[in-house]
Amino acid sequence: MPFSERVQALRAAIEEHNHRYHVLDAPLISDAEFDRLFRELQSLEAEHPELVTSDSPTQRVGAAPLPEFAAVVHATPMLSLNNAFSEEEVAAFDRRVRDGLASAGEVQYSAEPKFDGLAVSLTYEGGVLARGATRGDGWTGEDVTANLRTVRSIPLRLHGSRWPPVIDVRGEVLLWRSDFEKMNSRQRERGEKEFVNPRNAAAGSLRQLDPRITATRPLRFCAYGIGAAAGDDLPATHSALLDRLAQWGFPVAAEHRRVSGLSGLLEYYAGIGGRRQSLPYDIDGVVYKVDDLAAQDRLGFVSRAPRFALAHKFPAEEVVTELLDISIQVGRTGALTPVARLAPVFVGGVTVTNATLHNEDEIRRKDLCIGDAVIVRRAGDVIPEVVGALPARRTAAVRQFVMPTACPVCGSRVVRQADEAVARCSGGLFCPAQRKQALLHFASRRAMDIEGLGEKLVEQLVDGAIVRTPADLYRLGLLALANLERMADKSANNLLAAIEQSKQTTLARFIYALGIRNVGEATARDLARHFGSLDSLLAADVAQLLQVPEVGPIVAESIRQFLSEPHNLEVIEQLRAAGVTWQEGEAMVASAGMVVGKVFVLTGTLPGMTREAARERIEAAGGKVSASVSTKTDFVVAGADAGSKLAKARTLGLTVIDEAQLLRLLGVEQATQ
């Protein structure tokens, strides 16, 4: 027999035995016989490398390590499903389906287990596996083709001949419980860290950069549908499609059923729930799909989920453990979040030691004391939750939780507004926990507008202890910047120039840049216009702040709390000492009230200032800037290359002015000469 024919015969035999062993669980030959066939194929391919093809069984064993995973855009999105946790929600789903299809009778559904694994998409071209990708965000995944080739239940070439020229097969990569236990047994024997649960182990195995490692893991694949497919020779129902996938060589859930109406759905859910622990793999619910594929198309999608499908989740798993302590985490916006520190407990497939408690009110509502026996719940990927305490098991050793009055990170006062459940650190310009967020806001375009100071650079400056507060930005030198990653001399000089330029600003921008809670751009402009100087604002009490238009009790209290914190005042003084300045009394420059209350529209390119600068001048003088021209527009300020807005203004007979006329209205003509 010619070498090429023997190679083809060996490949066909090996793939058939692979399918019988890994998919049908019905082997015909011993492991030793299989190994003999495999070694013979390896030997022939080594002698005749020109005969090696991508669908050869020898290509499953893993190639050289990958430098990284390339991005793959899915031909059709891998959307998530809406969840149901009660019979009422399933009934509502069935009702929506019947209404959407205008069906008076019962709808036929395909019901199947919801695997707790990792969703992937397999693209076959001409019947041969061409590419495999993770779900990713639903639109774009990672190319893990080399790793998926090592999964022996995935056919490298489709069986039979009735398959489209191009098709995406969707399914789940998972580990059976018995295989997972064997993996952990080997880990224990080697003295290595055990895997937490089958899902995490499967996901970690599939994302190995070295496919040879993936090849050692007993991963399995189970198909549950298709994505894009060229050609029209496909079944008319989802249940028939699953049968077709099985004919092509894919494992499908033996437990899938075709059921009728709501009663069929709920009976299936109860039946699978009763068998859940006896299944060879983990599931966290069941999936219902309208069986008729044409009906699926008519129902379509809503947001990121199909209208024709639903995931009916099993109840969350609950266990009891001890609440050892409650610590406080300070978020980047200053929010103080209590976190439960728990005695380690295995729940929902993971070992849980921490759980968020959200806020002080939540702790009181659940009647939690440190030292309590508490109920912890987790379902699937849901964040662990402390459901409540068991008061009957409470001892005299427990103690009440008390929210700190000083920030545990920086020592600034902790404040909580009357209408909020969240307590916050008041040291916004000083607190290390808020440092990165404060700097990014301070440098943003509508604040101090420091071009080039982005997130990655701020991270380096803060993590390297180069910058602690916004005032430190004005002390930066070329050497400190040039030594940072991806920051050459030219980039460093450009940033230093931008920082220097930002020193000349407006009072409104400066107030906004401070990051006072509840103070946006409009409120900052109102404050600048009303007080005219920073010192007047700093000296204002709540009653005086309430005299500012659009400033209510909550905003006034936020401002007063921020400006009464010594750490914040120290940073403000450091900024002024560094040369940050503005024109005091800038709100008083408008002449004869010609701008106050007037509506302006800016269009085209102005010769002496940007549109943003023009907007700031108008609003500082009491005017308003609109994005569109209407009969309510008082002035249209037109520059070069003005377009449709200018044409509409002329059609409506509105007053059109240029930059010079605008400056005369603002009373600052001389300042620009």
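At a glance:
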| item | result |
| --- | --- |
| Yes/no for LEU310 being touching a residue at least 12 places away in the same chain (Cβ under 8 Å), out of contact with any helix residue (DSSP H, G or I) (no Cβ under 7 Å at 6 or more places or on another chain) and either assigned to a strand (DSSP E or B) or surrounded by fewer than 16 Cβ atoms within 10 Å (Cβ to Cβ) (or both) | no |
| Check on ALA104, assigned to a loop (DSSP other than H, G, I, E, B), under 25 Å from ASP168 (Cα atoms), at pLDDT below 90 and of a type in the set (Gly, Ala, Ser) | no |
| Checking ALA556 against (1) free of Cβ contacts under 8 Å to residues at least 24 places away in the same chain; (2) surrounded by 18 or more Cβ atoms within 10 Å (Cβ to Cβ); (3) not acidic (Asp, Glu); (4) not assigned by TED's automatic domain parsing to the domain that holds VAL422, the condition it does not meet | (4) |
| Residue under evaluation ARG435, criteria (1) out of contact with any Lys or Arg (no Cβ under 7 Å at 6 or more places or on another chain); (2) within 24 Å of LEU479 (Cα to Cα), criterion not met | (1) |
| Pairs where the first residue, in segment 39-55, is closer than 15 Å to ALA12 by Cα and the second is at pLDDT 75 or above and aromatic (Phe, Trp, Tyr), C-beta under 7 Å, 6+ apart | none |
| Residues located in segment 116-152, provided they are among the hydroxyl-bearing types (Ser, Thr, Tyr) and in contact with a Lys or Arg (Cβ under 6 Å, 6 or more places away or on another chain) | SER121, THR123, THR145, THR150 |
| Of residues in segment 461-507 being surrounded by fewer than 12 Cβ atoms within 10 Å (Cβ to Cβ) and aliphatic (A, V, I, L, M), the one nearest to PHE442 (Cα to Cα) | ALA465 |
| Subset of segment 481-502 that is small (Gly, Ala, Ser) and closer than 21 Å to VAL580 by Cα - its residue that is farthest from the chain's Cα centre (by Cα) | ALA497 |
| Residue in segment 195-207 that is crowded, with 17+ Cβ neighbours inside 10 Å, over 34 Å from the mean Cα position of the chain (by Cα), under 25 Å from GLU15 (Cα atoms) and touching a residue at least 40 places away in the same chain (Cβ under 8 Å) present | no |
| Filtered residues of segment 507-519 (kept if at pLDDT 90 or above and in a loop (DSSP other than H, G, I, E, B)) | LEU514, GLY515, ILE516, VAL519 |
| Single condition ASP367 does not satisfy, out of (1) of a type in the set (D, E, K, R); (2) more than 30 Å from VAL259 (Cα to Cα); (3) in a strand (DSSP E or B) | (3) |
| Residue among ILE375, ILE328 that alone is modelled with pLDDT of 85 or more and in contact with an Asp or Glu (Cβ under 8 Å, 6 or more places away or on another chain) | ILE375 |
| Hits in segment 272-296 (condition: of a type in the set (A, V, I, L, M) and either under 16 Å from GLN108 (Cα atoms) or under 31 Å from the mean Cα position of the chain (by Cα) (or both)) | ILE283, VAL286, VAL287, VAL290, LEU293, ALA294, ALA295 |
| Filter result (under 21 Å from ASN147 (Cα atoms) and either more than 21 Å from the chain's Cα centre (by Cα) or assigned to a helix (DSSP H, G or I) (or both)) within segment 69-93 | ALA75 |
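Yes or no, residue by residue, for (1) aromatic (Phe, Trp, Tyr); (2) more than 25 Å from THR505 (Cβ to Cβ); (3) free of Cβ contacts under 8 Å to residues at least 40 places away in the same chain:
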site: LEU545; (1), (2), (3): no, no, yes
site: GLN561; (1), (2), (3): no, no, no
site: ARG615; (1), (2), (3): no, no, yes
site: GLY622; (1), (2), (3): no, no, no
site: VAL625; (1), (2), (3): no, no, yes
site: LYS632; (1), (2), (3): no, yes, yes
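The values are calculated or read from the model by the stated rules, or taken from the named source; none is laboratory data. Every value quoted in this text rests on a predicted model; they were computed, and no experiment measured them. When we count neighbours, we look across all protein chains shown, and the Cβ atoms used for this are built from the backbone with ideal geometry, even at glycine.
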